[in-house]
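Working notes, structure below.
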Amino acid sequence: MNPAAETLIRVGLIGAATGLRSQWGVAALSWSTPPAAGRPLPSALLTGPWARALTCFTTAAEFVADKAPSTPSRLSAQGMGPRVVLGALAGAALAQRRGALPPFTAVATGVSTAVAGAFAGARWRGAASSPGWSVAVAAAAEDLLAAGLAWAACTSSVRRPLPAGDDEHGTKPSR
């Protein structure tokens, strides 16, 4: 696959994860990007030990707070604001890490898919809660989906098919 197209898809996935759970996109990036001195912004913000500790805390806090009935809607300004900002940050950082997408495209994709993910998540929550599921079960299913999308966006362990005749190390078998 074309590297720019693959990066665009991954930025879309991380944006959607951020729309579902505002903290998952940046947390997945923080946890999957090796720390390196001199890394440019926004990646530098996400790779230090303090950033990993903070994203761990905020992800856990969101996991708990999301189930509380007093939590404001993700579609309110309080809920959408962080998703837009963190979707932009996650999209830019992921595109920068992969090096195959212009920054504006990455930010626009991260923001737009975060907004789409927020609306889809709100719709899912309403639909899943009505046939008899508890709100907590619907929210837990959404947590799993957000984590899966964030993981899929950040992982590079996807195995590509080998060219015909190559072994798993990329060499031709001896005859």
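Would you say LEU86 is surrounded by 15 or more Cβ atoms within 10 Å (Cβ to Cβ) and farther than 23 Å from ALA141 by Cβ? No; evaluated as a whole, the condition is false for this residue.
For (1) assigned to a helix (DSSP H, G or I); (2) of a type outside the set (Asp, Glu); (3) crowded, with 16+ Cβ neighbours inside 10 Å, each residue gets a yes or a no:
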site	(1), (2), (3)
ALA51	yes, yes, yes
ALA60	yes, yes, no
SER73	no, yes, no
MET80	yes, yes, yes
ALA100	no, yes, yes
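Yes/no per residue for (1) out of contact with any Lys or Arg (no Cβ under 7 Å at 6 or more places or on another chain); (2) among the polar types (S, T, N, Q); (3) surrounded by 15 or more Cβ atoms within 10 Å (Cβ to Cβ):
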residue	(1), (2), (3)
ALA68	yes, no, no
ALA90	yes, no, yes
ALA118	no, no, yes
ALA147	yes, no, yes
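Total residues in segment 104-139 satisfying the condition of being within 17 Å of the chain's Cα centre (by Cα) and without any contact (Cβ under 8 Å) to a residue 60 or more places away in the chain: the figure is 2. With respect to the conditions (1) part of a helix (DSSP H, G or I); (2) open to solvent by 30 Å² or more (accessible area, probe 1.4 Å); (3) over 26 Å from THR71 (Cβ atoms); (4) modelled with pLDDT under 95, VAL158 lacks only one, and its number is (1).
The values are calculated or read from the model by the stated rules, or taken from the named source; none is laboratory data. This one's a predicted model, so the numbers in the text were calculated from it and none came from an experiment. Counting neighbours? That spans all protein chains shown, and the Cβs are built from the backbone with ideal geometry, glycine included. Please note that ligands, DNA and RNA were not included when accessible areas were found on the heavy atoms of the full protein model with its side chains. Shrake-Rupley method; radii C 1.70, N 1.55, O 1.52, S 1.80 Å.
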